[in-house]
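Chemist: First, the structure itself, so that you have it in front of you.
The values are calculated or read from the model by the stated rules, or taken from the named source; none is laboratory data. What you are looking at is a predicted structure, and each value in this text was computed from that prediction instead of being measured. Here the Cβ positions follow ideal geometry from the backbone for every residue, glycine too, while neighbour counts run over all protein chains shown. Side chains are part of the model used for accessible areas, which takes the heavy atoms of the whole protein and leaves out ligands, DNA and RNA. Shrake-Rupley method; radii C 1.70, N 1.55, O 1.52, S 1.80 Å.
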Amino acid sequence: PNNQFRIVARREVVADPARPGQLYAVEPVHIADDVGNEVDPSDVFFARSSDAGNSWDNSFTVGPYETNVLNDDNYGQMATGAPSDVTAGQVFSRSAVDSQGNLVVIWYDTRRDPADHLLDVWAALSTDGGETFGPNARITDVSFDADQGAFINALGDDEFYLGDFIGLSIGGGNIY
């Protein structure tokens, strides 16, 4: 997104307690064309392993779309640079699995702001081991400007540090 806070790229891997050997990996990734030009600030990539990480599958559905990205802002497809592409920034994904094997992934997303600046938290939920996810759901009810949280650091400089991830937990049929 076009914000001033730092973005630390990181991949998260979580285990499914209801499905022994099942792992899920999530990571926001910048999308570039064949010559390196950015065509999308980022998409949330997802993969699952049913053999403790020896092999990975990155095919699944989000709502009606067969895809390999969790964010459905471009109808479940990675941007290609075509004029019809819908792009937005997705950062700081977080995933959690409850004892029944329900998987939730959340992330900051700019899809509601044409200026690619204001953030919302969006989510995708799977109840079948990451084979299908419902359509993305907006969690926040008001978009926010992370740059408004700037403060003066110990050196006297503006500091736009937002943090490096969002907190997430799931249990008892609730997402926190």
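Rundown of residues vs (1) in contact with a Gly (Cβ under 8 Å, 6 or more places away or on another chain); (2) touching a residue at least 40 places away in the same chain (Cβ under 8 Å); (3) over 23 Å from Arg111 (Cβ atoms), yes/no style:
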residue	(1), (2), (3)
Ile139	no, no, no
Phe151	no, no, yes
Phe160	yes, yes, no
Phe165	no, yes, no
Asn174	no, no, yes
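Chemist: Taking interchain pairs and intrachain pairs at least six residues apart, which have beta carbon atoms under 6 angstrom, with the first residue in the range 11-26 and acidic (Asp, Glu) and the second open to solvent by less than 40 Å² (accessible area, probe 1.4 Å)?
Modeler: Final answer for the pair search is Glu12/Val26; Glu12/Ser95; Asp16/Gln22; Asp16/Val97; Asp16/Gly101.
Chemist: Mind telling me which of the residues Gly167, Gly130 ends up being exposed (fewer than 13 other Cβ atoms within 10 Å of the Cβ), touching a strand residue (DSSP E or B) at 6+ places or on another chain (Cβ under 9 Å) and of a type outside the set (D, E, K, R)?
Modeler: Going through Gly167, Gly130 in turn, just one is exposed (fewer than 13 other Cβ atoms within 10 Å of the Cβ), touching a strand residue (DSSP E or B) at 6+ places or on another chain (Cβ under 9 Å) and of a type outside the set (D, E, K, R): Gly167.
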